[in-house]
Each structure stands twice: as C-alpha cells, then as structure tokens.
Amino acid sequence: IVINRIVLIGRLAKDVDLKYIQSGKAVATFSIAVNRTFSKEKEADFFNVVVWGKSAENCANYLAKGRLVGLEGRLQTRSYETQTGEKRYVTEVIADNVEFLEYAKSETPAR
C-alpha cells in the first residue's frame with residue numbers, strides 16, 4: 001500500500017496569487033506557516049500550496065495573509081530549468097480540500 005496524504009493547519013504567510021491557465025482553469029498558490037508544537041523556540045515550517053478550480057477562486061476571494069486555514073492534499077515534487085539551464089526542484093502541497101478556519105467579521109463562509 002502506498003499513501004501520499006498530508007493534513008495541515010496554519011496561517012497564510014502571504015496573500016493568495018490567482019492565475020488562469022490557457023484552458024481557463026483557475027490555479028491559486030500561497031504558502032502557509034505551521035508552528036512546530038514540539039519545539040521550545042517559536043519555529044514554523046513553511047509549505048507552498050497549490051489549489052485548482054473553484055476552490056482556487058474561493059481561496060483568492062476569502063483568504064489573506066495571516067488567516068488560519070486547514071487543508072488536506074498530497075505532496076508533489078516537480079522540476080524546472082532556470083534561464084541559466086540549472087535544474088531546480090520544488091515540493092508543493094496540492095490541496096484537494098481547503099477549510100477557512102476564521103473570517104473577518106464582515107465575511108460569511110463560502111460553501
């Protein structure tokens with residue numbers, strides 16, 4: 001059996017970046033900071049997150065830097081070449097489910 005699932009709860013480290021690919025599908029990217037509960041120091045791990053489709057649009061509309069979010073997805077590593085020909089690797093969380101865990105007083109949850 002092989003399982004690739006990740007569940008995280010953290011705060012957005014930057015605002016959501018929403019783009020549309022050539023097919024018209026929405027893709028949102030952002031990073032979240034997850035506190036290390038086992039550390040005596042205030043340390044956090046940062047995860048790059050990718051969300052697709054309607055969920056991506058909802059993230060862009062309702063999330064902002066500092067907001068608490070829960071997500072579930074899978075880890076994916078991809079590679080690309082820089083302009084100088086150097087190969088780089090990026091590990092990202094591809095989120096299937098994003099839960100908005102807090103809202104501004106003027107907002108209501110999107111369903």
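A cut-off of 5 Å between modelled amide H atoms, ignoring neighbours fewer than 5 places along the same chain, links residue 13 with 31, 32, 33, 66.
Of the residues 28, 56, 44, the one that moves most in a GNM of the chain with alpha-carbon contacts below 10 Å is 44. When the Gaussian network model of the chain links Cα atoms closer than 10 Å, the mean-square fluctuations of 47, 100, 38 top out at 38.
Once you charge only the Cβ atoms, +1 for Lys and Arg and -1 for Asp and Glu, what is the size of the charge dipole of the chain about its Cα centre, to the nearest 20 debye? Don't skip to the answer; put the middle values down first.
On the way: 17 positive and 14 negative charges, 8 e Å.
Roughly 40 debye, rounded to the nearest 20.
Here the Karplus relation 6.51 cos²θ - 1.76 cosθ + 1.60, evaluated at θ = phi - 60°, turns the backbone of the range 81-93 into coupling constants of 9, 6, 5, 8, x, 7, 8, 10, 10, 10, 9, 10, 8 Hz, with x for every Gly and Pro.
When the Gaussian network model of the chain links Cα atoms closer than 10 Å, the mean-square fluctuations of 73, 85, 53 top out at 85.
Averaging sequence separations of C-alpha pairs under 8 Å and six or more residues apart, then dividing by the length of the chain, give the relative contact order as a whole percent. If you can, show how the numbers build up before the last one.
Details: 224 pairs, mean separation 30.5, N = 111.
Dividing the mean separation by the residue count of the chain yields 27 percent.
Note on the chain: along the principal axes its Cα atoms extend 48, 44, 36 Å, ordered by decreasing extent.
For a 24 Å ceiling on Cα separation, which of these pairs sit above it: 42/87; 19/65; 14/54; 14/42; 19/42? Please list the in-between numbers first.
Working: 42/87 33 Å; 19/65 18 Å; 14/54 20 Å; 14/42 19 Å; 19/42 33 Å.
Cα-Cα > 24 Å for 42/87; 19/42; rest within.
Taken together, the values in this text are just the output of simple stated rules run on the coordinates, not laboratory data. The model shown is predicted, which means the values in this text are computed figures rather than measured ones. When we count neighbours, we look across all protein chains shown, and the Cβ atoms used for this are built from the backbone with ideal geometry, even at glycine.
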